[in-house]
Each structure stands twice: as structure tokens, then as C-alpha cells.
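The values are calculated or read from the model by the stated rules, or taken from the named source; none is laboratory data. As the structure is a prediction and not an experimental result, all values here were calculated from the model. When we count neighbours, we look across all protein chains shown, and the Cβ atoms used for this are built from the backbone with ideal geometry, even at glycine. The protein model used for the area step is the full one, side chains on, heavy atoms only, and it has no ligands, DNA or RNA in it. Shrake-Rupley method; radii C 1.70, N 1.55, O 1.52, S 1.80 Å.
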Amino acid sequence: MTVEALIVDVFGTCVDWRTGVAREVAAATAAKGLQVDSIAFADTWRDLYQPRMEEIRSGRRSYVDLDVLHRENLDATLDSFGIARHFSEEERIALNHAWEKLPPWPDVVPGLIRLKANRIIAPCSNGSIALMTRLARYGALPWDCILGAGIARAYKPDARTYLATCEALRLEPAHVTM
């Protein structure tokens, strides 16, 4: 079989979510004169990621984009750090955009460019199309298209996410590698 498309995970694989989120948290809290362990905050925020998606995977909740889940998790994290009262609605919206400003690992962009020379490359991410678009613009990630949860309306590892990605590319799964 000929592999025609390469799909990739993004958070942690292509980009450094911990450093990126911690940087934004550090800036937002420092601007308010708050002393917060920004790495611990980023980890706590991210630790809520899987449990929230599991609510959707299990059918207890209808699908919503990851941006909504990130915002709910941000609110919960601000509460758990005891600093929620310091952040207005507008500031929370701005801080939630931290997930769109994640630095790629140093070898990712050159590697993707090399892979793109002979194959379609795309994220197969739990991130929304909007999030992946802004992340690509921020980090110069050279996707051919954006696929994953936003297309499937399901979160990995649900098979629908991968199958919808193949369908969107009009390729049989045997011709797509993750």
C-alpha cells in the first residue's frame, strides 16, 4: 500500500503545550501582581482535559469543541488556585487563547516541510479547527488541511475521529498513517 497522507497528533507531539500555556499564565498573573506557579497551573488546566472529553466520549454530554472544554477547565483551574475573582470575562477569554500560542518543538516545522514534499500532512487533533488554524499561523505549521475532532465531532481515541479524517481526504485508511 502507498501512504498518501500523514496525520499527526499535535499537543505534546508537535507543540510544547506546557511551556506555551505556562508563559501565557505567567504573563496574565504577573500583570495582576499575582504569584502563581505557572507550570503547576498549566498542568492542572491540562489534567482536566481527558475527564472532560470522556464525558463526551461516554455520551453523557453532547459534542462541543475543545475550546469550550478548555474554557470550562480554565474556570475550574482559576478556582482551584484561588484566583478566579481576579479575572474578568474578557481576561478569561484572552487567557483561553493560550492554547493557540504554543511553540513548536525545534525539529517539527523543518520535519513537516520535508514530509509535505511527498505526502499530504494534516493534524488529527482533538483541537478545534479554529484552534488548529491559529496554532498553525502562530507556529508556522505547514498543514495541507486541518482534520480531527472538529470534522468527526468526536474525540480521539474514538475511531470516528480517524475514519472521518480518512473520509475527508477521500482516502482509504490503509493509505493514511498517523
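Somewhere in region 65-78, is a residue hydrophobic (A, V, I, L, M, F, W, C) and either loosely packed, with under 13 Cβ neighbours inside 10 Å or not in a helix (DSSP H, G or I) (or both)? No, there is no match, as no residue in region 65-78 is hydrophobic (A, V, I, L, M, F, W, C) and either loosely packed, with under 13 Cβ neighbours inside 10 Å or not in a helix (DSSP H, G or I) (or both).
Within region 149-164, the only residue that satisfies the criterion of being free of Cβ contacts under 8 Å to residues at least 24 places away in the same chain and touching a Lys or Arg at 6+ places or on another chain (Cβ under 6 Å) is 152. Residue count for region 44-73 under the criterion of being closer than 19 Å to residue 26 by Cα and under 14 Å from the mean Cα position of the chain (by Cα): the result is 6. Determine if region 72-95 includes at least one residue that is within 25 Å of residue 178 (Cβ to Cβ), of a type outside the set (Asp, Glu) and touching a Ser or Thr at 6+ places or on another chain (Cβ under 7 Å). Checked region 72-95: no residue is within 25 Å of residue 178 (Cβ to Cβ), of a type outside the set (Asp, Glu) and touching a Ser or Thr at 6+ places or on another chain (Cβ under 7 Å). Checked against the criterion of being open to solvent by less than 40 Å² (accessible area, probe 1.4 Å) and either out of contact with any helix residue (DSSP H, G or I) (no Cβ under 9 Å at 6 or more places or on another chain) or among the hydroxyl-bearing types (Ser, Thr, Tyr) (or both), the candidates 136, 117, 122, 149 yield just one match: 136.
The C-beta contact set for region 75-103 (first residue over 30 Å from residue 140 (Cβ atoms) and modelled with pLDDT of 95 or more, second residue of a type in the set (Phe, Trp, Tyr) and surrounded by 14 or more Cβ atoms within 10 Å (Cβ to Cβ), distance under 7 angstrom, 6+ apart or interchain) comprises 78/87; 81/41. Scanning region 105-134 for residues that are outside any helix (DSSP H, G or I), touching a residue at least 12 places away in the same chain (Cβ under 8 Å) and more than 25 Å from residue 152 (Cα to Cα) yields a count of 1. For region 159-176, does any single residue satisfy the condition of being of a type in the set (S, T, N, Q), in contact with an Asp or Glu (Cβ under 6 Å, 6 or more places away or on another chain) and either open to solvent by 50 Å² or more (accessible area, probe 1.4 Å) or closer than 21 Å to residue 17 by Cβ (or both)? Within region 159-176 (the criterion being of a type in the set (S, T, N, Q), in contact with an Asp or Glu (Cβ under 6 Å, 6 or more places away or on another chain) and either open to solvent by 50 Å² or more (accessible area, probe 1.4 Å) or closer than 21 Å to residue 17 by Cβ (or both)), the answer is no, since none of the residues qualifies.
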